[in-house]
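Below you'll find the structure, written out as structure tokens, and then a few comments.
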Amino acid sequence: IPIVKDRGWLEEIRQSMLRMGVEKPQDKVYEDLNEEIVVVYAIDTPSNIAYIDPESLQELGVEREELRALAVRNLRGLLPRIEVHHGDLVSMVTADGNYEASLLLFADLWERESEKLRGDPVAAVPARDLLLFADSANAEAIARLGQLAAKMRQEATYALTEKLFVLRDGRWLPWTG
């Protein structure tokens, strides 16, 4: 499955492994979404989440080019229901309470939501279980989204980032206003 993380998480994991005495920590299989967030690939089992390293990926027989599509399909199969709750200014996407940030990768969801907006979708993933978005054409909505992202990140158990991202040409880019 794909798990959206902030870039700092990669170094935190490496440092944690070194503190545990692992001399040469295995790199995790990941790809950049942008300079702020990455997609890390993992296997979700009933007892834990095992992050995939390059050797494991090879053992699984999955080509790197096929990984995201396969992981998104797998995640879709795990999620019982994806719902979009539309607000006056800011909307929220909910699923299972663990993988909401990873819903950034669901192109069909964003195609449907984009049709309802005047501008581009601007999203916030302040925590792994939070995905908020607003219309780039509405300055008041974007300001509110930024406020919510900052507040929710501070309160989150599994915080990601308070930064905002805009969907342009199929890519989530840092929002610059």
* Scan region 123-177 for residues that are modelled with pLDDT of 95 or more, part of a strand (DSSP E or B), surrounded by fewer than 19 Cβ atoms within 10 Å (Cβ to Cβ) and aliphatic (A, V, I, L, M) and report the count. => 1
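Of all residues in region 31-75, which are in a strand (DSSP E or B) and open to solvent by less than 80 Å² (accessible area, probe 1.4 Å)?
Glu31, Ile37, Val38, Val39, Val40, Tyr41, Ala42, Ile43, Asp44, Ile49, Ala50, Tyr51
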* Structure fact -> Of (1) farther than 21 Å from Phe106 by Cβ; (2) of a type in the set (Lys, Arg); (3) in contact (Cβ under 8 Å) with a residue 40 or more places away in the chain, Lys28 satisfies every one except (3)
* To do: Only residues that are within 21 Å of Asn34 (Cα to Cα) and touching a helix residue (DSSP H, G or I) at 6+ places or on another chain (Cβ under 7 Å): list them for region 94-119, please.
  => Tyr99, Ser102, Leu103, Leu105, Phe106, Leu109
* Within region 5-25, track down each residue that is within 22 Å of the chain's Cα centre (by Cα) and open to solvent by 90 Å² or more (accessible area, probe 1.4 Å). => Glu12, Arg14
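The values are calculated or read from the model by the stated rules, or taken from the named source; none is laboratory data. No experiment lies behind these values; they were computed from the predicted model shown. Ideal geometry is used to build each Cβ from the backbone, glycine not excepted, and the neighbour counts take in all protein chains shown. Surface accessibility is based on the protein's heavy atoms, side chains included, excluding ligands, DNA and RNA. Shrake-Rupley method; radii C 1.70, N 1.55, O 1.52, S 1.80 Å.
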